[in-house]
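Written below as structure tokens is the structure these notes are about.
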Amino acid sequence: MSGSVIYSAIDLTDGFYQILMRESDVPLTAVSTPSGMLWEWLVMPQDLKNAPAPFNRMVSHVLRPLRAFAPSYFDDFFFAQPR
């Protein structure tokens, strides 16, 4: 990125919610509401202890072809236009 003339940064909003939970893991995310109902996450909630690792793997995989000019850090993408 050094020597580039144009820089841009993009932050994914609620990116964790774009990753589906494995069907076998959905019951592990259940929480009880005050009315006694059970609520299960079907997508990756941000407050899971291990949520950043699979999210970062997904982002790295999607941006792999662009790695030379678009490195990523979790939900942040950095783009650079070389001279």
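The values are calculated or read from the model by the stated rules, or taken from the named source; none is laboratory data. What you see is a predicted model, and the numbers here were worked out from it, not measured in a lab. Positions of Cβ are backbone-derived with ideal geometry, glycine not excepted, and every protein chain shown enters the neighbour counts.
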**OP:** Considering only residues that are surrounded by 10 or more Cβ atoms within 10 Å (Cβ to Cβ) and under 30 Å from residue 82 (Cβ atoms), look in region 10-34 and name the one that is nearest to the chain's Cα centre (by Cα).
**Re:** 15
Subject >> Residue that is modelled with the lowest pLDDT, among those in region 1-32 that are touching a Phe, Trp or Tyr at 6+ places or on another chain (Cβ under 9 Å) and among the β-branched types (Val, Ile, Thr) >> reply: 6
Original post:
With respect to residue 77, is the statement that it is among the hydrophobic types (A, V, I, L, M, F, W, C), in contact (Cβ under 8 Å) with a residue 40 or more places away in the chain, closer than 19 Å to residue 11 by Cβ and not in a loop (DSSP other than H, G, I, E, B) true?
Top reply: yes
Original post:
Looking only at region 2-46, which residues are more than 17 Å from residue 59 (Cβ to Cβ), touching a Pro at 6+ places or on another chain (Cβ under 8 Å) and either not polar (S, T, N, Q) or not in a strand (DSSP E or B) (or both)?
Top reply: 3, 5, 29, 40
Subject >> Subset tally (residues that are modelled with pLDDT under 80 and out of contact with any helix residue (DSSP H, G or I) (no Cβ under 7 Å at 6 or more places or on another chain)) for region 53-77 >> reply: 9
